[in-house]
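Participant: Let me begin by handing over the structure; questions about it come next.
The values are calculated or read from the model by the stated rules, or taken from the named source; none is laboratory data. As the structure is a computational prediction, the values presented were derived from the model and not from experiment. Using ideal geometry, Cβ is built from the backbone for each residue, glycine included, and neighbour counts are taken over all protein chains shown.
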Amino acid sequence: MLIPVILGISLIIFSIVSLSPGNPGRLSLGVNASEEAVEQLNRKLGYYDPFIVKYKNYLVNAIQGDFGQSYRTGESVFSMIAVRLPTTMKLAMFAITIAAVFGIPIGILSAVKQYSFIDAASMVAALLLASIPGFWLGLILILTFSLKLGIFPVTGSDTPLHYVLPSITIAAPSLAVIIRVTRSTMLEVIRQDYVRTARSKGSGELKIILKHCLRNAMIPVVTIIGMDFGYLLGGTIIAETLFGMPGVGELMVKAIRMKDLPVIMASVILLAAIFCILNLVIDIIYSFIDPRIKASYKT
Amino acid sequence: MDNNKESRTLWQGVWKRLRKNKLAVIGMVIFMVMLLVAVFADVIVDYEQDVIRQDSKIRLQEPSSEHWFGTDNYGRDIFARIIYGGRISIFIGLTTIAVSLIGGGLVGAIAGYYGGRLDNLLMRITDMFLAIPPILLAIAVIAAVGSGIMNLIIALCVSGMPGYARLFRATVLTLRSEEYIEASKAVGAKDRWIISRHIVPNAIGPIIVQATLGIANTIIAAASLSFVGLGIQPPDPEWGAMLSEGKEFMRYSPHTVIFPGIAIIMTVLALNLLGDGLRDALDPRLKN
């Protein structure tokens, strides 16, 4: 299923970006170039080919790792992205880790102690985190921790310290979602019969929560983490721009401003493909969390 | 007659439960106020005088009795700009969700109603769109059509529609197989009666909830895109664009970023509270 989906994505993105006005010759040579030079480059790039042929050529080249050249610098788009991808992936991974490491325990705690002060406080926190736009949180973090207190650097990506504020910025909305989903699934699971059975046979409370409840509550949580990764990529784009980190998102935003279509197309397709692969990985993780899913495939 | 009475009591029940939920009421009131302020923005402040006109003599002033939220880098009153910004943000939120609902709803309802091959085709296409993270889809559209309010709305609609198509289809499919629909058909009710009396009242709940939360998410998305320079362009007073301008000066004039941010948070929080409250009110079983 993965390959047709990625093909479909590439077709959608290719069609949308192709709607863009202007021809590649003019866009890469600039307004001062002569008509002939523009014409020549357009022919060379296959601008006059029918849409299907253009898409086929793009796809065939893309599979071989050739996403064309940047209109601006003439650099290979693939290597431009490859250089920047690690920064983006690191940011996304740090962010999802922060969101999961804090979100899951907070969610469990507020479910176990439903209606307590902790529960109320974490629900308010989740609601606030979901309503604060990531970039504003980023601005406030910069304002307090970089400009006023001077603990973290403002821009760049040279040291691990550079990643702290952007990761928190990106993690915030996902943290909110994970807290809420963990809490609500835990609340459902806690009422199940097997939990009562575990209690009546005298298992320790901690063991019940971690072994019987958490494992059963993890499926929706893991699904949400996977789905949220898409939003997380969005957050990464914003955070990279805000914190001046050289990642794919920042590249993409710059490329749009400069109408550098090959760069935009390739970045969007590659990030969307990564998102799909990640969700496939999550499907596989399911069967480890819940053996019932694996069993249902076998029969 | 009886039917009429029943459908009224359904909504009366929802309203009664919603009213008991203090947070939801607060959210609703805040959003209503924001909506009114946005509609009557031109009565409250003078667009040319306060929102657009630049005055370097009073740039970056702290909040005062004259300029409640201070002034920005060009000496424009931030309070006035936030009022007008609300008009833009709420307009984008409402329009996007309305268009996405209608577009996505049509696709989803057609797919769900006719089923078979058409359903398969439409849903595979929808799945492809859903596989692309919404912000990336919006960015691809902006790359093609450029920035500006209308283009931003188009971009957000394209990324919002597939989700609603799925939601509508799922709703239509569940309802189609409900027994009361079958019963209604069995006693000879016409399609129009079934749709207006059974399908719409039952389908509308979850959709209202999704739409309310959707407006909140759209406002954040629009502000984020404007913030990185892909949405509303200065000098238009959109909240995200204001933050983008203000961030250059925030070290010494933090009010340039604090107030527009609070405006976004208030609006989004109000919509989230209202959406959550509506969800609980429409389906009392969900509340533990």
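Participant: Only one of B:152, B:156, B:213 is farther than 12 Å from residue B:96 by Cα, within 14 Å of another protein chain (Cβ to nearest Cβ), modelled with pLDDT of 85 or more and under 15 Å from the mean Cα position of the chain (by Cα); which?
Facilitator: Result of the check over B:152, B:156, B:213: B:213.
Participant: A follow-up question, please. If you go through the range A:71-118 one residue at a time, how many are crowded, with 18+ Cβ neighbours inside 10 Å and touching a Ser or Thr at 6+ places or on another chain (Cβ under 8 Å)?
Facilitator: Going through the range A:71-118 one residue at a time, the tally reaches 21.
Participant: Consider residue A:230 carefully, then state whether it is within 21 Å of residue B:135 (Cα to Cα) and free of Cβ contacts under 8 Å to residues at least 60 places away in the same chain.
Facilitator: Answer is yes for this residue.
A quick yes/no check of all residues on (1) crowded, with 18+ Cβ neighbours inside 10 Å; (2) polar (S, T, N, Q):
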residue	(1), (2)
B:116	no, no
B:120	no, yes
B:124	no, no
B:130	yes, no
B:134	yes, no
B:138	yes, no
B:149	yes, no
B:156	yes, no
B:161	yes, no
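Participant: Hey, can you tell me all the residues within the range A:24-43 that are surrounded by 15 or more Cβ atoms within 10 Å (Cβ to Cβ) and either polar (S, T, N, Q) or within 26 Å of residue B:135 (Cα to Cα) (or both)?
Facilitator: If the condition is that a residue be surrounded by 15 or more Cβ atoms within 10 Å (Cβ to Cβ) and either polar (S, T, N, Q) or within 26 Å of residue B:135 (Cα to Cα) (or both), then A:24, A:27, A:28, A:42 are the ones that fit.
Participant: Step by step: first the residues of the range B:130-156, then only those that are part of a helix (DSSP H, G or I) and either touching a strand residue (DSSP E or B) at 6+ places or on another chain (Cβ under 9 Å) or of a type in the set (Gly, Ala, Ser) (or both), then the one that is farthest from residue A:22 (Cα to Cα). Which residue is that?
Facilitator: B:131
Participant: Kindly establish whether residue A:222 is within 16 Å of the chain's Cα centre (by Cα) and buried (at least 16 other Cβ atoms within 10 Å of the Cβ). Explain how you work it out, then say what you get.
Facilitator: Details: within 16 Å of the chain's Cα centre (by Cα): yes; buried (at least 16 other Cβ atoms within 10 Å of the Cβ): yes.
For residue A:222, the condition - within 16 Å of the chain's Cα centre (by Cα) and buried (at least 16 other Cβ atoms within 10 Å of the Cβ) - is met.
Participant: Something else now. Which of the residues that make up the range A:59-76 are of a type in the set (Phe, Trp, Tyr) and out of contact with any strand residue (DSSP E or B) (no Cβ under 9 Å at 6 or more places or on another chain)?
Facilitator: Scanning the range A:59-76 gives a single hit, A:71.
Participant: While we're on this one: Cβ-Cβ under 8 Å, sequence separation 6+ or interchain: first residue in the range B:37-56 and farther than 12 Å from residue B:72 by Cβ and assigned to a helix (DSSP H, G or I), partner hydrophobic (A, V, I, L, M, F, W, C) and at pLDDT below 80. Which pairs?
Facilitator: Pairs that qualify, where the first residue is farther than 12 Å from residue B:72 by Cβ and assigned to a helix (DSSP H, G or I) and the partner is hydrophobic (A, V, I, L, M, F, W, C) and at pLDDT below 80, are B:37/B:44.
Here is a yes/no grid of residues against (1) in contact with a Cys (Cβ under 9 Å, 6 or more places away or on another chain); (2) closer than 28 Å to residue B:276 by Cβ; (3) in a helix (DSSP H, G or I):
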| position | (1), (2), (3) |
| --- | --- |
| A:177 | no, yes, yes |
| A:180 | no, yes, yes |
| A:184 | no, yes, yes |
| A:199 | no, no, yes |
| A:202 | no, no, no |
| A:222 | no, yes, yes |
| A:227 | no, yes, yes |
| A:231 | no, yes, yes |
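Participant: Also, quick follow-up: Could you tell me which of the residues B:55, B:72 is modelled with pLDDT under 85 and either crowded, with 22+ Cβ neighbours inside 10 Å or within 14 Å of chain A (Cβ to nearest Cβ) (or both)?
Facilitator: Exactly one residue qualifies, and that residue is B:72.
Participant: Just the residues that are under 20 Å from the mean Cα position of the chain (by Cα) and among the β-branched types (Val, Ile, Thr), please, taken from the range B:227-267.
Facilitator: Within the range B:227-267, B:232, B:262, B:264, B:265, B:267 qualify.
Participant: Would it be correct to say that residue A:55 is more than 27 Å from residue A:232 (Cβ to Cβ) and within 14 Å of another protein chain (Cβ to nearest Cβ)?
Facilitator: It is false that residue A:55 is more than 27 Å from residue A:232 (Cβ to Cβ) and within 14 Å of another protein chain (Cβ to nearest Cβ).
Participant: Could you say whether any residue in the range B:93-102 is surrounded by 15 or more Cβ atoms within 10 Å (Cβ to Cβ), touching a Gly at 6+ places or on another chain (Cβ under 7 Å) and part of a loop (DSSP other than H, G, I, E, B)?
Facilitator: no
Participant: Another question, then. Of the residues A:266, A:217, which is modelled with pLDDT of 90 or more, part of a helix (DSSP H, G or I) and either more than 9 Å from chain B (Cβ to nearest Cβ) or surrounded by fewer than 16 Cβ atoms within 10 Å (Cβ to Cβ) (or both)?
Facilitator: A:266
Participant: Only one of (1) away from chain B (no Cβ under 11 Å); (2) more than 24 Å from residue A:244 (Cα to Cα); (3) touching a residue at least 24 places away in the same chain (Cβ under 8 Å); (4) out of contact with any Ser or Thr (no Cβ under 7 Å at 6 or more places or on another chain) fails for residue A:122. Which number is that?
Facilitator: For residue A:122, the failing item is (4).
Participant: Here's another thing I want to ask about it. Determine, yes or no, whether residue A:3 is within 14 Å of another protein chain (Cβ to nearest Cβ), within 29 Å of residue B:159 (Cα to Cα), free of Cβ contacts under 8 Å to residues at least 40 places away in the same chain and not in a loop (DSSP other than H, G, I, E, B). Full working, then the answer.
Facilitator: Working: within 14 Å of another protein chain (Cβ to nearest Cβ): yes; within 29 Å of residue B:159 (Cα to Cα): yes; free of Cβ contacts under 8 Å to residues at least 40 places away in the same chain: yes; not in a loop (DSSP other than H, G, I, E, B): yes.
When the stated conditions are applied, residue A:3 passes them.
Participant: Right, another one. Between a first residue in the range A:140-155 that is more than 9 Å from chain B (Cβ to nearest Cβ) and a second residue that is among the polar types (S, T, N, Q) and crowded, with 17+ Cβ neighbours inside 10 Å, which pairs have beta carbons less than 6 Å apart while being 6 or more apart in sequence or on different chains?
Facilitator: From residues that are more than 9 Å from chain B (Cβ to nearest Cβ), the pairs are A:152/A:146; A:154/A:146.
Participant: Just the residues that are more than 8 Å from every other protein chain (Cβ to nearest Cβ) and crowded, with 21+ Cβ neighbours inside 10 Å, please, taken from the range A:271-290.
Facilitator: Correct list: empty.
Participant: Does residue A:169 count as among the hydroxyl-bearing types (Ser, Thr, Tyr), assigned to a helix (DSSP H, G or I), within 14 Å of chain B (Cβ to nearest Cβ) and crowded, with 24+ Cβ neighbours inside 10 Å? Reasoning before the result, please.
Facilitator: On the way: among the hydroxyl-bearing types (Ser, Thr, Tyr): yes; assigned to a helix (DSSP H, G or I): yes; within 14 Å of chain B (Cβ to nearest Cβ): yes; crowded, with 24+ Cβ neighbours inside 10 Å: yes.
Yes; evaluated as a whole, the condition is true for this residue.
Participant: Still on this model: Among B:277, B:240, B:229, which is surrounded by 19 or more Cβ atoms within 10 Å (Cβ to Cβ), within 12 Å of chain A (Cβ to nearest Cβ) and closer than 29 Å to residue A:144 by Cβ?
Facilitator: On the way: B:277 fails: closer than 29 Å to residue A:144 by Cβ; B:229 fails: surrounded by 19 or more Cβ atoms within 10 Å (Cβ to Cβ).
So the residue among B:277, B:240, B:229 that is surrounded by 19 or more Cβ atoms within 10 Å (Cβ to Cβ), within 12 Å of chain A (Cβ to nearest Cβ) and closer than 29 Å to residue A:144 by Cβ is B:240.
Participant: Shifting gears a bit: Might you let me know whether the range B:78-97 holds any residue that is touching a Ser or Thr at 6+ places or on another chain (Cβ under 8 Å) and closer than 14 Å to residue B:53 by Cβ?
Facilitator: Yes, some residue in the range B:78-97 is touching a Ser or Thr at 6+ places or on another chain (Cβ under 8 Å) and closer than 14 Å to residue B:53 by Cβ.
Participant: Determine, yes or no, whether residue A:169 is of a type outside the set (Lys, Arg) and closer than 22 Å to residue A:280 by Cα.
Facilitator: no
Participant: Taking the conditions exactly as written (more than 14 Å from chain B (Cβ to nearest Cβ), surrounded by 11 or more Cβ atoms within 10 Å (Cβ to Cβ) and assigned to a helix (DSSP H, G or I)), does residue A:46 satisfy them or not?
Facilitator: no
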